[in-house]
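Single-structure report; data block below.
The values are calculated or read from the model by the stated rules, or taken from the named source; none is laboratory data. In this text the structure is predicted, and so the values were computed from the model without any measurement. Here the Cβ is made from the backbone with ideal geometry for all residues, glycine too, and neighbour counts use every protein chain on show.
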Amino acid sequence: MKITLFFSLLLLTFTAQANGQRWQDEAATGALLLADDHGQIHPATLLDTDAHITVSGPVAEVTLTQRFHNSSQQFREGRYLFPLPENAAVDGMVLTIGDRRIVGRIDEKAEAEKTYRQARASGKKASLISQQRPNLFTTAVANIAPGETVQVELHYQQTLNVDGHRFQLRLPLTLTPRLTPPTEAPHTLDSLLRNTVAAPGGTADAGTASIHIDLDAGARLATLGSPSHAIRYQRHGRRYTITPKAGAIAMDRDLLLNWELEDTGEPLVASFHENIDGEHYALLMVVPPEAGQSTTLPRETLFIIDSSGSMGGAPMRQAKASLQLALQRLKPGDRFNITDFDSQHTLLFETPATVNDNSRQQAQQFVAGLQASGGTHMLPALSATLSQPASDGYLRQVIFITDGAVGNEHGIFQALHQQLGEARLFTVGIGSAPNSHFMTRAAQFGRGSFTYINDQNQVQQGMDTLFRRLESPLMRNLQVQLPNGIVTERWPQKLPDLYAGEPLLVAMKLSAPTEHITVSGYNTRHWQQSVTLPTDSNHPGTASLWARRKIADLMDRITLGAAETDIAPLVTDVALRHQLVSRYTSFIAVEESVSRPAHEPLLHDTVRNQAPHGTQRAAAWPSTATPAPLLWRLAGVLLIVCLLLWLHQRRAKHGTA
């Protein structure tokens, strides 16, 4: 009995730890968290969300406004969770409570948090915005009075996804919870994010979003549409005004807007310039010409497919359809293998197999039988895949199909750096709200590219795009040449090889203005393009985008082995100078007057986010999280067994007496 009791208590201990790690940190719809000092939850109301987006060429300027209402009779402190694109440069914040407007300022994170705690304790209205991941931010709002409406307005810049003449704008509106494996240290946001996402098919408190887009693509459009929502638009010459046809839309999937420029035969070039206090910043985008297909080495393609619980429903169907299509594209004589993973991982073949009718049929049957369940234990599956012996004379390419629902991105990036070798990694993002930060950075670390498939109807186009890249020659040896005497601090410092249709995007800080820049490279022949920089015009936000790219590259050095103590001061200096939120800097806003009397208590609340559209109720929640409910049940059963054994022993003892 003592042994059984010991295991019961041990399970209870693990359960407490599991509950502390249950939800990982990618909030997307936005949540205002309010809970009292005893942990009791009192829901607030999300009234609405507004997004005003202005697109100029490959750059979007976004003002995101979300309004909440405190309908209770007590003062509240709110914690507001929201996602942004992984490359967003957050450079402005305004908090409006009632008729008071508080403009945020950037400070070092520790100082900003100290200022916020002091304001909260003294009864002043205050707000704190911090970055937890490159695509996840939190806002704390202190001392919201009964009946008040709170408005949080954020301003950011971002570059768009570009593939040849095709552009895509993505506005995150919902989330997929992430798993941090039990072996990893829990993130500080775990307890904050717990239960902030409604189960698929369950009730969510998040409201609707009103979206207005002003689009100036810089050229005439061949196509314009959205794979995620029905839209309406008005054309004004070269400009377009775009809104969802339904008006306010449910926040259960990311909004995507796609357009394609007319192909005039001319190279696709865009450039921006900004002068701030005598410092010159430039953003340059050039899409090199495609050289067509070339004869290459035979390929060894290693597929990794995520069948964890978060992939349940439409995402799993999309992932299986994508992999089935990819199997059809394999050529006889090439080699391949498939790794399926959830809480465990399985390799189809012990070592990569030669493509023939028999192996292809085995693979198709294997994929057809996959079902979504379990947790997203990605790192062991990735390591097992990359540990397979390489085939001499074959070009190894890894295709990773997942929603990216992981919280231990740093460890996965390190594994890629250490194990990938000469192979290249291509990520395929699946579902209504994949973890795009993970997918994009994994592809960059893997010297590959990221393809996003959000709907069953997009599978064919998405996989065609991916295989066009795999089968086309790379644009190598890229260089950006400036006139003599001009010095530049350029990000990225090392220009990547480019796949077919990929743009070269470079952010520069110039020692002096220049109108002429030359870009060159080589695929099957030498290529060169002259670019004119519009130094006579100012494009606000260019400097912020340069700073954001510099910060991203500096943070990558930590993954590659640099000490964080060396990198943190460099990131902090850039973020403070350019007024950007980063891992080490935060926005802080404090109202000078006292709002909450000292005798009034301060309570807290939560708004549940909507589950991603298409996810399956039974499979997706909480199977991506740690198995706390199961542990509680097991502990309960063992405790009942203990009680029954104890009663049996008592009766036996009394019977003997």
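So if I check each of Thr295, Thr301, which one is under 17 Å from Leu395 (Cα atoms), modelled with pLDDT of 90 or more and among the β-branched types (Val, Ile, Thr)? I'd like the intermediate steps shown before the answer.
Details: Thr295 fails: modelled with pLDDT of 90 or more.
On inspection, the qualifying residue turns out to be Thr301.
Looking only at the stretch 301-345, count how many residues are free of Cβ contacts under 8 Å to residues at least 60 places away in the same chain, of a type in the set (S, T, N, Q) and closer than 17 Å to Ala384 by Cβ.
4
Can you tell me which of Gln493, Gln481, Gln444, Gln460 is within 26 Å of His229 (Cα to Cα) and surrounded by fewer than 21 Cβ atoms within 10 Å (Cβ to Cβ)?
Details: Gln493 fails: within 26 Å of His229 (Cα to Cα); Gln481 fails: within 26 Å of His229 (Cα to Cα); Gln444 fails: within 26 Å of His229 (Cα to Cα).
Sole residue among the options that is within 26 Å of His229 (Cα to Cα) and surrounded by fewer than 21 Cβ atoms within 10 Å (Cβ to Cβ): Gln460.
Out of the stretch 525-572, which residues are part of a strand (DSSP E or B) and either at pLDDT 95 or above or of a type in the set (Gly, Ala, Ser) (or both)?
Ser530
Report the residue count in the stretch 141-156 for those that are surrounded by fewer than 23 Cβ atoms within 10 Å (Cβ to Cβ) and touching a Ser or Thr at 6+ places or on another chain (Cβ under 8 Å).
Total satisfying the criteria: 6.
Looking only at the stretch 447-457, which residues are surrounded by fewer than 22 Cβ atoms within 10 Å (Cβ to Cβ) and touching a residue at least 60 places away in the same chain (Cβ under 8 Å)?
Scanning the stretch 447-457 gives Asp455, Gln456, Asn457.
What tally of residues in the stretch 218-244 results from selecting those that are within 30 Å of Pro534 (Cβ to Cβ) and more than 25 Å from the chain's Cα centre (by Cα)?
The total comes to 15.
Given the residues Thr542, Thr559, Thr565, Thr572, which is the only one that is under 17 Å from Ala60 (Cβ atoms) and β-branched (Val, Ile, Thr)?
Working: Thr559 fails: under 17 Å from Ala60 (Cβ atoms); Thr565 fails: under 17 Å from Ala60 (Cβ atoms); Thr572 fails: under 17 Å from Ala60 (Cβ atoms).
So the residue among Thr542, Thr559, Thr565, Thr572 that is under 17 Å from Ala60 (Cβ atoms) and β-branched (Val, Ile, Thr) is Thr542.
So if I check each of Thr518, Thr532, Thr524, Thr514, which one is surrounded by fewer than 21 Cβ atoms within 10 Å (Cβ to Cβ) and under 24 Å from Tyr394 (Cβ atoms)? Explain how you work it out, then say what you get.
Working: Thr518 fails: under 24 Å from Tyr394 (Cβ atoms); Thr532 fails: under 24 Å from Tyr394 (Cβ atoms); Thr514 fails: under 24 Å from Tyr394 (Cβ atoms).
The match here is Thr524.
Report those strands (runs of 3 or more DSSP E) wholly inside the stretch 124-170 carrying at least 3 residues which are in contact with a strand residue (DSSP E or B) (Cβ under 6 Å, 6 or more places away or on another chain). Break it down into steps so the answer makes sense when it comes.
On the way: elements: 124-133, 136-144, 149-159, 161-163.
Filter on the stretch 124-170 gives 124-133, 136-144, 149-159.
State all residues of the stretch 219-242 that are surrounded by 11 or more Cβ atoms within 10 Å (Cβ to Cβ) and outside any strand (DSSP E or B); if no residue qualifies, say none.
Correct list: Ala219, Ser226, Pro227, Ser228, His229, Arg238.
Would you kindly identify the strands (runs of 3 or more DSSP E) lying entirely within the stretch 442-499 that contain at least 1 residues that are at pLDDT below 90 and farther than 30 Å from Met316 by Cα?
On the way: elements: 450-453, 476-481, 488-491.
Because the criterion is at least 1 residues that are at pLDDT below 90 and farther than 30 Å from Met316 by Cα, the strands (runs of 3 or more DSSP E) in the stretch 442-499 that meet it are 476-481.
Would you say Leu554 is within 22 Å of the chain's Cα centre (by Cα) and crowded, with 21+ Cβ neighbours inside 10 Å?
Working: within 22 Å of the chain's Cα centre (by Cα): yes; crowded, with 21+ Cβ neighbours inside 10 Å: no.
No, not satisfied.
Those residues that are in contact with an Asp or Glu (Cβ under 8 Å, 6 or more places away or on another chain) and of a type outside the set (A, V, I, L, M, F, W, C), I need them from the stretch 369-388; list them, please.
The answer is Ser373, Gly374, Gly375, Thr376, His377.
Quick grid of which residues meet (1) among the polar types (S, T, N, Q); (2) assigned to a strand (DSSP E or B); (3) in the same structural domain as Ala219 (by TED's automatic domain parsing); (4) crowded, with 21+ Cβ neighbours inside 10 Å:
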| site | (1), (2), (3), (4) |
| --- | --- |
| His52 | no, yes, yes, no |
| Glu61 | no, yes, yes, no |
| Ser72 | yes, no, yes, no |
| Arg79 | no, yes, yes, yes |
| Phe82 | no, yes, yes, yes |
| Asp91 | no, yes, yes, yes |
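Quickly run through the stretch 245-292 and pick out the residues that are of a type in the set (Val, Ile, Thr) and crowded, with 17+ Cβ neighbours inside 10 Å. Explain how you work it out, then say what you get.
First, the residues of the stretch 245-292 that are of a type in the set (Val, Ile, Thr): 249, 264, 269, 276, 286-287.
Hits for the stretch 245-292 are Ile249, Val269, Val286, Val287.
Looking only at the stretch 408-427, which residues are crowded, with 19+ Cβ neighbours inside 10 Å, within 16 Å of the chain's Cα centre (by Cα) and assigned to a helix (DSSP H, G or I)?
Correct list: Glu409, Ile412, Phe413.
Find the residue count for the stretch 510-524, including only residues that are more than 20 Å from Gly485 (Cα to Cα), assigned to a strand (DSSP E or B) and touching a Pro at 6+ places or on another chain (Cβ under 7 Å).
In the first step, residues of the stretch 510-524 are kept if they are more than 20 Å from Gly485 (Cα to Cα); the result is 521-524.
Now drop any that are not assigned to a strand (DSSP E or B), which leaves 521-522.
In the following step, the residues that additionally are touching a Pro at 6+ places or on another chain (Cβ under 7 Å) were identified as 521.
Residues flagged as more than 20 Å from Gly485 (Cα to Cα), assigned to a strand (DSSP E or B) and touching a Pro at 6+ places or on another chain (Cβ under 7 Å) within the stretch 510-524 amount to 1.
Of the numbered conditions (1) without any contact (Cβ under 8 Å) to a residue 60 or more places away in the chain; (2) out of contact with any strand residue (DSSP E or B) (no Cβ under 8 Å at 6 or more places or on another chain), Thr427 fails exactly one; give the number of that condition.
Thr427 satisfies all of (1) without any contact (Cβ under 8 Å) to a residue 60 or more places away in the chain; (2) out of contact with any strand residue (DSSP E or B) (no Cβ under 8 Å at 6 or more places or on another chain) except (2).
To keep it simple, each residue is scored yes or no on (1) β-branched (Val, Ile, Thr); (2) under 18 Å from Leu256 (Cα atoms).
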| residue | (1), (2) |
| --- | --- |
| Ser432 | no, yes |
| Asn435 | no, yes |
| Arg441 | no, no |
| Thr451 | yes, yes |
| Ser472 | no, no |
| Arg476 | no, no |
| Val480 | yes, no |
| Thr488 | yes, no |
| Trp491 | no, no |
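State whether the residues of the stretch 101-119 include one that is assigned to a strand (DSSP E or B), touching a Gly at 6+ places or on another chain (Cβ under 7 Å) and surrounded by 17 or more Cβ atoms within 10 Å (Cβ to Cβ).
As a first pass, look at the stretch 101-119 and keep what is assigned to a strand (DSSP E or B): 101-103, 105-108.
Okay, now just the ones that are also touching a Gly at 6+ places or on another chain (Cβ under 7 Å), so none.
Scanning the stretch 101-119, I find no residue that is assigned to a strand (DSSP E or B), touching a Gly at 6+ places or on another chain (Cβ under 7 Å) and surrounded by 17 or more Cβ atoms within 10 Å (Cβ to Cβ), so the answer is no.
Leu95 passes all but one of (1) in contact with a strand residue (DSSP E or B) (Cβ under 7 Å, 6 or more places away or on another chain); (2) more than 18 Å from Val594 (Cα to Cα); which number fails?
(2)
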